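One structure below.
The values are calculated or read from the model by the stated rules, or taken from the named source; none is laboratory data. All values reported here derive from a predicted model rather than from experimental measurement. Reconstructed Cβ throughout: ideal geometry from the backbone, glycine too, with neighbour counts over all protein chains shown.
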């Protein structure tokens, strides 16, 4: 079992229900933007797994793993990718001379039916927009957005725009019980921990599972190979 927390968000659960019901028809394109000020805020960076490229650090793994998982959960497998990874605000560790891992990812991914997904992730953007997923279909658009730069969970909303206009209308979704802890991710962790415990007690398979983790890793591996080769790369099965 793998703790891909965003699957537990009520807004994304409702989004999945609407997509399965064909609420916006065939998918035409998808945009993901996750931009935060992070190290651009002037705080002293720490040389953690998020910064150290030799330990698997960087925003592709820290943020992108979750994005890839919920994209495939909502829309099906990613078949090919073209990606560019960059470090827009380098940090150096004086003792070893190591340069920090990537803080920015820009990519295009193609879904099974060829629908394009544009991905923009950066943790060094002043005045970042937060975390937004926008799905455009032949009959309208659905979006899950959070402009709260201090908390990736609190403040998340689900929106819809029909084919007749450009106005985003919020779709009300019952919220999870707030733990009151400083980090809103604790709310989602409580949900996913509950599903895992139930699966263990009942002898079933908890979701997300190892295969979901493998798929996320396969897509990210293809993105790194695309960056290195400057070419489109198919995702391994």
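Among the candidates 235, 219, 173, which residue alone is modelled with pLDDT of 95 or more, touching a helix residue (DSSP H, G or I) at 6+ places or on another chain (Cβ under 8 Å) and farther than 23 Å from residue 85 by Cβ? Exactly one of 235, 219, 173 is modelled with pLDDT of 95 or more, touching a helix residue (DSSP H, G or I) at 6+ places or on another chain (Cβ under 8 Å) and farther than 23 Å from residue 85 by Cβ, namely 173. Residue 223 falls short on exactly one of the conditions (1) touching a strand residue (DSSP E or B) at 6+ places or on another chain (Cβ under 9 Å); (2) more than 18 Å from residue 117 (Cβ to Cβ); (3) surrounded by 17 or more Cβ atoms within 10 Å (Cβ to Cβ), and that condition is (2). Of all the criteria given as (1) under 17 Å from residue 151 (Cα atoms); (2) modelled with pLDDT of 90 or more; (3) out of contact with any strand residue (DSSP E or B) (no Cβ under 6 Å at 6 or more places or on another chain); (4) surrounded by 21 or more Cβ atoms within 10 Å (Cβ to Cβ), the one not satisfied by residue 68 is (1).
Can you pull out every residue in the range 197-216 that is under 26 Å from residue 57 (Cβ atoms) and surrounded by fewer than 16 Cβ atoms within 10 Å (Cβ to Cβ)?
Step one: of the range 197-216, the residues under 26 Å from residue 57 (Cβ atoms) are 208-216.
Selection gives 209, 210, 211, 214.
Whether any residue in the range 88-104 is modelled with pLDDT of 95 or more and assigned to a strand (DSSP E or B) is what I want to check. Checked the range 88-104: no residue is modelled with pLDDT of 95 or more and assigned to a strand (DSSP E or B). Contact annotation: residue pairs with Cβ atoms under 6 Å, 6 or more positions apart or on different chains, pairing a residue in the range 175-186 that is in contact (Cβ under 8 Å) with a residue 60 or more places away in the chain and at negative phi with a partner that is surrounded by 11 or more Cβ atoms within 10 Å (Cβ to Cβ) and in a loop (DSSP other than H, G, I, E, B), are 185/153.
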